[in-house]
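Please read the structure below before turning to the comments.
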Amino acid sequence: MIKPTLVVMAAGLGSRFGGLKQITPVGPNEEVIMDYSIYDAIRADFGKVVFVIKEKMLEVFKNSIGKRIEGLVETVYVFQKLDMLPKGYSLPNGRSKPWGTAHAVMCCKDYVNTPFLVVNADDFYGVTTYKIIYDYLIGLKEEKDFYQYSMVGFKLGNTLSENGHVARGICQVDDLGFLRGIEERTEIKKFQHDVKYREAEENWASISENTIISMNAWGLTPSIFNELEKKFSSFLLEKQDEILKAEYFLPAVIDSLIRENKAKVKVLKSEEQWYGVTYKEDKDIIENAILKFINNGIYPENLWGKQNE
């Protein structure tokens with residue numbers, strides 16, 4: 001049996017949190033969110049972990065995450081470089097920001113040859129998320145006419161921060177449980193009696209807490225890589241006027257493949273509570289949640305045993 005791969009996107013700047021939030025400890029023995037993601041993936045039986053990072057962060061990752069897991073699962077480090085561009089393109093003067101999540105996944109082309117799950121480094125998805133998508137990936141039978149992808153869909157109300165607005169992909173799901181489309185909302189906020197997202201300028205519109213949203217937990221196959229490369233060229237042409245800041249987002253690529261009738265995306269619904277460190281104030285919340293999980297026997301107190309001592 002071919003085991004799926006876990007791809008962890010960890011090259012983001014973490015600007016709102018104010019530091020390298022991907023390696024901020026949240027567990028009682030200096031565990032970071034990625035530790036729990038990888039632990040959940042290993043016990044779900046994923047066979048490989050690929051980290052997408054900045055090259056300058058290699059030693060930090062190896063000394064924090066790598067030393068804990070390299071003996072337990074095949075581990076690969078992939079660099080997301082700004083100059084990884086299609087033929088005929090050169091890095092624009094003044095561009096310093098990573099190209100975005102679609103580019104991060106594209107960088108994995110030579111390192112992933114199995115169905116795979118993509119997750120954010122700084123999002124805690126919960127135990128069942130990895131099991132749900134593992135079961136789907138190992139049972140996957142490719143259709144001739146469509147790419148067969150999947151995503152874990154969360155309830156919006158389970159993914160909000162008490163400390164500020166969040167960005168989420170709002171999903172439209174058909175009666176058979178397939179994704180019809182996804183729309184990025186960059187400002188969603190919990191008010192006293194309501195959840196709202198910002199439309200144009202200062203207008204806010206209400207949205208149900210039961211709305212299914214994407215947290216960038218995508219189940220993909222290697223067929224995505226050629227599409228990412230082709231669409232990246234189009235992206236670079238279309239975004240010339242904002243080339244220093246424009247981001248190439250994975251959900252936008254998948255949405256376009258759905259609209260082009262090239263891909264089907266099965267939405268696997270999760271009841272898990274999301275935790276993350278979008279803001280510094282979120283850190284206490286996830287630390288308390290981890291302690292509750294430990295007390296309930298979901299995780300051991302020392303996640304990696306003697307390796308982490």
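Laboratory data are not the source of any read-out in this text; all were calculated from the coordinates shown. Worth saying up front: this structure is predicted, and the values here are computed from it rather than measured. Glycine also receives a Cβ, built like all others from the backbone with ideal geometry; neighbour counts cover every protein chain displayed.
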**Order of Ser223, Ser270, Ser150 - criterion: other Cβ atoms within 10 Å of each residue's Cβ, fewest first** = Ser223, Ser270, Ser150
**Prompt:** What are the ³J(HN,Hα) values, in whole Hz, obtained from phi via the Karplus relation 6.51 cos²θ - 1.76 cosθ + 1.60 with θ = phi - 60°, for each residue of the range 101-107 in sequence order, with x given for Gly and Pro?
**Reply:** 5, 5, 5, 4, 5, 4, 5
**Message:** Show me, for the range 64-79, the HN-Hα J-couplings you get by feeding each phi into the Karplus relation (A = 6.51, B = -1.76, C = 1.60, θ = phi - 60°), rounded to Hz, glycine and proline as x.
**Reply:** 9, 7, x, 5, 8, 10, 4, x, 9, 8, 4, 10, 10, 10, 10, 8
**Request:** On a C-alpha basis, how far is the centre of the range 51-86 from the centre of the range 162-219 in Å? Whole number, if you could?
**Result:** 31
**Item:** In sequence order, calculated HN-Hα J values of the range 296-301 (Karplus, 6.51, -1.76, 1.60; Hz; x Gly/Pro)
**Value:** 8, x, 6, 10, x, 4
**Prompt:** Kirkwood-based Rg over Rh for the chain (C-alpha set), two decimals?
**Reply:** 0.94
**Prompt:** For the chain, what is the relative contact order in percent, using Cα pairs closer than 8 Å and at least 6 residues apart in sequence?
**Reply:** 26
**Asked** Quick one: what do you get for the range 183-309 if you divide its Cα Rg by 2.2 N^0.38 Å?
**Response** 1.41
**Size descriptor, Kirkwood hydrodynamic radius, that averages inverse alpha-carbon separations across the range 108-196, Å** = 15.7
**Request:** Put one equal scatterer on each alpha carbon of the range 175-234, apply the Debye formula with no solvent term, and list log10 I(q)/I(0) at q = 0.18, 0.20, 0.22, 0.29 1/Å to two decimals.
**Result:** -0.87, -0.94, -1.01, -1.29
